[in-house]
Amino acid sequence: MAAVGDRVHVASRKLGQPPREGVVTKVMGRLLQVRWSTGEESTIVPGTGSVSVGGRARVRSRTAKAPARSAVTTSRPARKAPAKSASAKKSPAKVANAAKAPARRAAPTAQARKAPAKAAKATTKVAKATTKVAKATTKVAKAPAKVAKATTKVAKATTKVAKATTKAAKAVKKAAPAKRAAR
């Protein structure tokens, strides 16, 4: 496990990108607060084998300032600042430094803010659809019992019809000799 001041390397998640490097500034249980080489700070929960510790790094406190360079130690002669023109354009060096500043996160878009509500609605729709499927499955499961009851009713009705037909045939037979006698 990394300790405060350790230099850490985190493998890239995308192919072709170099690993991220930074210095651990705070340890809170499994959480590591890391100041990356880009100047950003983030808190991570490293998984097994995802972070490699590359030794100790010198950590400067936020209040400490970088030591000033003396004229004796520099090898270049001091330059005079050029006179400012009326248009006051930025020098290429300042533009380059501005480009190196870490990018700020953009505010979440309206679509991103609506995403949780959309997810909740979708979850509700899924739950309702699941309930409908369960009810339909219950009906299908009950269908054979209903078919069996209906078949039983049809069989009873068929039996009644057969009995009635038998009675009618007997009545016709009894009536037939009486009609012959009357002729």
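No value in this document is a laboratory result; all are computed from the given coordinates. From a predicted model like this one, the values you see are computed outputs, not experimental measurements.
For the pair the range 130-160 / the range 1-54, the C-alpha centres are spaced 65 Å from each other. For the range 1-58, the relative contact order is 37 percent, taking Cα pairs closer than 8 Å that sit 6 or more residues apart in sequence and dividing their mean separation by the residue count. Taking amide hydrogens as placed 1.01 Å from N in the peptide plane, the amide H of residue 54 sits under 5 Å from those of 7, 8, 9, each at least 5 positions away in sequence or on another chain. Indicate the gyration tensor shape class of the range 1-58 (rounded, prolate or oblate), computed on the Cα atoms with a ≥ b ≥ c the square roots of the eigenvalues: a/c under 1.5 is rounded; otherwise a/b larger than b/c is prolate and the rest oblate. Since a/c reaches 1.5 and a/b is larger than b/c, the shape of the range 1-58 is classed as prolate.
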